[in-house]
1. Looking only at strands (runs of 3 or more DSSP E) that lie completely in segment 584-681, which have at least 1 residues being among the small types (Gly, Ala, Ser), modelled with pLDDT of 95 or more and within 26 Å of Glu561 (Cβ to Cβ)?
2. Mind listing whichever residues of segment 525-546 are of a type outside the set (Val, Ile, Thr) and buried (at least 20 other Cβ atoms within 10 Å of the Cβ)?
3. Within the set of pairs 6 or more residues apart or between chains, which connect a residue that is buried (at least 23 other Cβ atoms within 10 Å of the Cβ) inside segment 600-612 to a residue that is of a type in the set (Ser, Thr, Tyr) with Cβ atoms less than 7 Å apart?
4. Quick one: which residue in Ala404, Ala437 is closer than 18 Å to Leu280 by Cα, surrounded by 18 or more Cβ atoms within 10 Å (Cβ to Cβ) and aliphatic (A, V, I, L, M)?
5. Could you go through segment 275-287 and let me know if any residue there is surrounded by fewer than 21 Cβ atoms within 10 Å (Cβ to Cβ), modelled with pLDDT of 95 or more and farther than 30 Å from Tyr205 by Cβ.
6. Any residue in segment 109-119 that is without any contact (Cβ under 8 Å) to a residue 12 or more places away in the chain and either under 24 Å from Asn158 (Cβ atoms) or surrounded by fewer than 24 Cβ atoms within 10 Å (Cβ to Cβ) (or both)?
7. Given the conditions (1) surrounded by 20 or more Cβ atoms within 10 Å (Cβ to Cβ); (2) in contact with a strand residue (DSSP E or B) (Cβ under 6 Å, 6 or more places away or on another chain); (3) under 16 Å from Tyr92 (Cα atoms), and given that Pro9 satisfies all but one, which numbered condition is not satisfied?
Amino acid sequence: MSFARFLQPKTIAVIGGREAKEVVRQCKKSGFKGDIWPVHPKKDFVEELKVYRSVEDLPHAPDAAYVAVNRQLSISVIKALAEQGAGGAICYATGFSESGDEGRVLEQQLLEASADMPLLGPNCYGLINNIEKAALWPDQQGGEAIDSGVAIVTQSSNVAINFTMQKRGLPVAYLVSLGNKLKFDLHHAIREFAQLDSVTAIGLYIEGISDPVAFESAVQYARTLGKPVVALKSGRSDTAQKIALSHTASLAGSDDLITALFSRIGVGRAYSIDSLIEALKILHVHGPLSGYKLGVMAPSGGDAILVADEVESTRFELTPLSQLHHDNVTKTVHELVTVSNPFDYQIFDWLNAERLTATYSTFVSEQFDITISIIDYPHEDRCSDSHWMPAEQALINSVESTGAKVVMLSMTLDGMPEDKAKFLMSKGIVPLSGLSAGIEALQAAADIAQVWQNKVAAPLLPLGKTLSDESLQLLDEAEAKQSLAKFNVSIPAHVIVSNAEEVSSAVKKLEFPVVAKGLGVAHKTEVGAVKLHLTSAEQVVSAIESMSHLAERFLIEEMVEDVVAEIIVGVVRDEQFGPYLVIGAGGILVELMRDSRSLLLPVNRQEILTALQSLRSAGLFYGFRGRPEADLDAAVDTILGVANFVEEHRDNIVELDINPLIIKARGQGAVAADALLRMAP
């Protein structure tokens, strides 16, 4: 199904009353040059346009139709449009799957009525196309005609309206509100907009990803066409997830998994509307940034300090100047100016465009992946900006002469007027509003490039079948470990006994000290079903006798000594993503520190190693307080084995927990000291 005809219409049918009339107004206001055909059973004219009594009376099948009638009538109108061969339709009505069981039944009927015709919605505002000047939108909107710009896809109509009203200079080529995403979802929108030459980047406001596999495929497709994607994912809190579910029937999804997905496929992540807008401006002008080497120029030490503080918690590096670079910049400034990065060039030459050009050009000409120049423009209605013009012109001159990637950052959100932002973008300079939003946006743009520089990740594994609770079995620790051992997960040497009489002969196969555990007992430590540091057969017999009321079988295994670090390796099943890995600080630290990383499958060695190294507790791996370095290679091998086990049992596994995986000194391996496994037969 192609949405191209629908997204770029030459003829538009508008069906309904008040909202339909507003769509006609917005199309005319935008300057749409094609035919607009209002449809209404009683009216003769709408906004001076001839009205048709029904869809069947239209001159021919429209490229796009806006259907703004009640939900029952929407179904019959959509059916008529599909039978006529329309290019696509927008269903404005609410009361479908977001409203309950009755609405879900009606939504299925709507799907069937649309047949092979593209459909946007239901429960959505629609589409704004500022290239062909088609505003299929039932409300005021702040778009304007442009030749190229970004596409914005949102799951909230009001958030979409807010995007059209931004005054930051962001050129919006297309904006679409998805509603219930019945036939036009995030992945459809990404694929369609990525193909358009007029689209430079794609921005998403996401409440839930219904099909992660299709989403990943669409983002990778956009990558092949050089179209970066940046997203704001809402619903990070439990309350927000419940709101998302109630108003769009969206699955908000685990925020950790969304982060893992974005990192895996190169979607830049924004955490606010402000940073999403700023990131889209960067991507529109410069595309993804090639790295994290950051240069900063400021006319004040205070500005430079604030930027340095903001950058501290990011991946950016305020790269020190080479001696040659330092000396060349020094030649262009007053003798009292100290040259460094960040660079406080002071205001000795503030009114001298020629000298500022020399300073700026020399500073931005080498070393940096991106350079920030800080300027906050004055109040337009109260002040003159004449004293700011030399610095503005000098920055333009420096970009023209060097080709360097530069942003002009206003420290406050209000310090970059819209007309200035548009002017700077026309000169190849990105105008950024607000320190925090600007730095966050720069990081999103650089994060995309880091993934683009690597090979495309292996496709996500499909979700797999749904498992019912009734079908699940909890394997005891011995069974769980034996299952994992087949996938190169090291486990301690062990024996299994049923009573104290079997101990003497069984423990001859082991080296002391050993541990004795009751099998089939949940929360073994809390109920006394674990006995540690047993150094003789007599102690093992005593331990088993003390646990005889708790279990019928007992696991006796050699204790793992010479511990360098403990981690948890877990598997959890998500209703959207299926089984995924969790790696974190092990033992009691897992709950205390909340120090973990989520990894989607399939996964490779480097992804696992990067996740381990990114833990807050990663210092334990590298000789903390005189300890030896941990055998991270063995830990990675073990985690890969777990990943292979999960892939082999994708349709069966629900939960796996190795806690702890004990990592010994380099060259000595990693051992699963405890394991829990729940799966279907």
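1. Details: elements: 596-599, 653-663, 670-672, 676-679.
Strands (runs of 3 or more DSSP E) meeting the threshold: 670-672.
2. So in segment 525-546, the residues of a type outside the set (Val, Ile, Thr) come out as 526, 528-529, 531-534, 536-539, 542-543, 545-546.
Within segment 525-546, Ala529, Lys531, Leu534, Ala543 meet the criteria.
3. Correct list of pairs: Leu600/Tyr580.
4. Working: Ala404 fails: closer than 18 Å to Leu280 by Cα.
Going through Ala404, Ala437 in turn, just one is closer than 18 Å to Leu280 by Cα, surrounded by 18 or more Cβ atoms within 10 Å (Cβ to Cβ) and aliphatic (A, V, I, L, M): Ala437.
5. No, there is no match, as no residue in segment 275-287 is surrounded by fewer than 21 Cβ atoms within 10 Å (Cβ to Cβ), modelled with pLDDT of 95 or more and farther than 30 Å from Tyr205 by Cβ.
6. To start, the set of residues in segment 109-119 that are without any contact (Cβ under 8 Å) to a residue 12 or more places away in the chain comprises 112.
Now restrict to residues that are either under 24 Å from Asn158 (Cβ atoms) or surrounded by fewer than 24 Cβ atoms within 10 Å (Cβ to Cβ) (or both): 112.
Among the residues of segment 109-119, at least one is without any contact (Cβ under 8 Å) to a residue 12 or more places away in the chain and either under 24 Å from Asn158 (Cβ atoms) or surrounded by fewer than 24 Cβ atoms within 10 Å (Cβ to Cβ) (or both), which makes the answer yes.
7. Every listed condition holds for Pro9 apart from (3).
Yes/no per residue for (1) aromatic (Phe, Trp, Tyr); (2) under 41 Å from the mean Cα position of the chain (by Cα):
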| residue | (1), (2) |
| --- | --- |
| Gly528 | no, no |
| Gly570 | no, yes |
| Tyr580 | yes, yes |
| Arg616 | no, yes |
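The values are calculated or read from the model by the stated rules, or taken from the named source; none is laboratory data. Quick caveat: nothing in here was measured; it's all calculated off a predicted structure. Quick reminder, even Gly has a Cβ in these numbers, built from the backbone with ideal geometry, and neighbours come from all protein chains shown.
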